[in-house]
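> Attaching a single structure in C-alpha cells format; questions to follow.
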Amino acid sequence: MNTLPLGIAGGRVQKIANSHRRKTRFCAKMVLMLGTIGLFLRSNDNDYQQRLKEVGLREAKRQGFDIVLESAQNDPTRQVEQIRAAIANAPTTKLTAILVSSVRDDVLPDVVREAAEAGLDWALLNEGTFIDAIHDQYPSQAIFVVSPDQLEIGRIHGRQVRALVGSTGKVLCVTGPLTTVMAQQRLDGLKEILAGDFSLIELNADWTSERARMAVERWAGELATDAELPGMFVAHNDEMALGVRQALRDAASQRDLPLATAPITGCDGAQTFGQRLVREGRIKATVIMPPASGAAIEWIARIRTRGERPPVRVLQPVTSFPNVSGLKR
C-alpha cells in the first residue's frame, strides 16, 4: 500500500485521492473487458472437481475474468443442456470461453462446434481425442485439451502394483466410465506396465465411492470359496478407492475372505483427501494430478491478450504419492 509523505496540504491529498479513484475505476473496467468464463464440472461431490472449481475461481480472478459455474451431477444430458444454454446467453453474459470436465466424451463434439461457431474458446479439462479435428477445423479459436497425463497415471498405477505385489500376480482395477478417454487411457497405462506378468480383473464404475463399492461387492459375492484372490486393488480415483476399501472390509467380515488388509491405490492425490488417506493408512498410495482449470484459464488469457493460440493438447505432469521407491510390500 502506498502512503503519502507527511505535511502535504489537504487539497493536494484530495486531488491525489480523486485521481486514485479514477484510476481504480479505469482498472476495474479493464478487468471486465476480458469477459466471462463458463466452468462446467462433472459433479460437486468429488474432491478433484472441487479443486477444479477452487483453482478456476482463483485463476479467473487473477487473469481478470468473471466466472460462472455449473455442475452436471454426473448427468451427460444435463451437462450438454447447461453448455447450450450458456452459448445461447453468451451475448448477455459476455461469455468468451467454456471449460468442461466431461461426464461423457461422446456427447460433446457437436456442442464444441456450436461453441466455436459462436466465437467461443473451449478447453476440455480431461483427455478427449475428438478435440484434435475440431482444433484444426477452427484455427481462429482456442479449442484444446488441458489434462493431467492420463496414460502416465496408469503407468504409475502399474509401477505401484509391482512395488507392492512383486513381479507377478493378480490385480483388480475399478475403472471410471470407459466411455471416457481418460478412464481408457489410465487402464491402458496400467496394462502397459503390468504386461503379461499379471492377470487383471476389470470392474467399471462411475467415479463415485458408492458405485465402486457396489461393483466390488457384486464381484466378491460371486467368488467361489477356493478362488484365487487379487493381491492388490487399483481404483481410478481416491473416492472409488474408499468404496473399494469398504467393500473389501464387508467381504472379510461377511464371507471370511482375507481381503480386509489388501493394498489399495487411488488417484487425484489432494493433500486434504488422497494424501491424507495414505497418511492414515486407509490406502497404500495415490497419484497426484494438478487441477487443469488454472492452466486452461491462463491459456485463454494469453489468446485474449496476446493472440497466442494454445497447442491442441497441454499435458500436465503427475506423480506417485508416496514415491514408488518408498513403497514396500
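> Can you tell me how many residues within the range 249-271 are in contact (Cβ under 8 Å) with a residue 24 or more places away in the chain and either part of a helix (DSSP H, G or I) or closer than 29 Å to Lys53 by Cβ (or both)?
The number of residues fulfilling the criteria is 10.
> Determine if the range 55-63 includes at least one residue that is of a type in the set (D, E, K, R) and under 23 Å from Gly176 (Cα atoms).
No; the residues of the range 55-63 include none that is of a type in the set (D, E, K, R) and under 23 Å from Gly176 (Cα atoms).
> Pairs under 6 Å by beta carbon, first residue free of Cβ contacts under 8 Å to residues at least 60 places away in the same chain in the range 136-164, partner among the basic types (Lys, Arg), six or more apart or different chains?
Gln150/Arg186; Gly154/Arg186
> Cβ contacts < 9 Å: first residue in contact (Cβ under 8 Å) with a residue 40 or more places away in the chain, restricted to the range 72-88; second residue assigned to a helix (DSSP H, G or I) and among the small types (Gly, Ala, Ser), any location; separation 6+ or different chain. Result?
Correct list of pairs: Ile83/Ala115; Ala86/Ala115.
> Which of the residues spanning the range 196-244 are in a helix (DSSP H, G or I), within 18 Å of Gly274 (Cα to Cα) and among the aliphatic types (A, V, I, L, M)?
If the condition is that a residue be in a helix (DSSP H, G or I), within 18 Å of Gly274 (Cα to Cα) and among the aliphatic types (A, V, I, L, M), then Ala212, Met240, Ala241, Leu242, Val244 are the ones that fit.
> Taking the range 164-208 as the search range and keeping residues that are charged (D, E, K, R) and surrounded by fewer than 23 Cβ atoms within 10 Å (Cβ to Cβ), which one is modelled with the lowest pLDDT?
Here the residue is Asp206.
> From the list Val171, Val145, which one is assigned to a strand (DSSP E or B), closer than 18 Å to Val244 by Cβ and not basic (Lys, Arg)?
Exactly one of Val171, Val145 is assigned to a strand (DSSP E or B), closer than 18 Å to Val244 by Cβ and not basic (Lys, Arg), namely Val171.
> Among the residues in the range 286-296, are any closer than 22 Å to Glu210 by Cα and buried (at least 21 other Cβ atoms within 10 Å of the Cβ)?
Checked the range 286-296: at least one residue is closer than 22 Å to Glu210 by Cα and buried (at least 21 other Cβ atoms within 10 Å of the Cβ).
> Then there's this: Filtering the range 174-206 down to residues that are of a type in the set (S, T, N, Q) and free of Cβ contacts under 8 Å to residues at least 60 places away in the same chain, which residue is farthest from Val318 (Cα to Cα)?
Residue satisfying both the conditions and the ranking: Ser199.
The values are calculated or read from the model by the stated rules, or taken from the named source; none is laboratory data. Not measured: the values here are computed from a predicted model. Every residue, glycine as well, gets a Cβ built from its backbone with ideal geometry; the counts of neighbours run over all protein chains shown.
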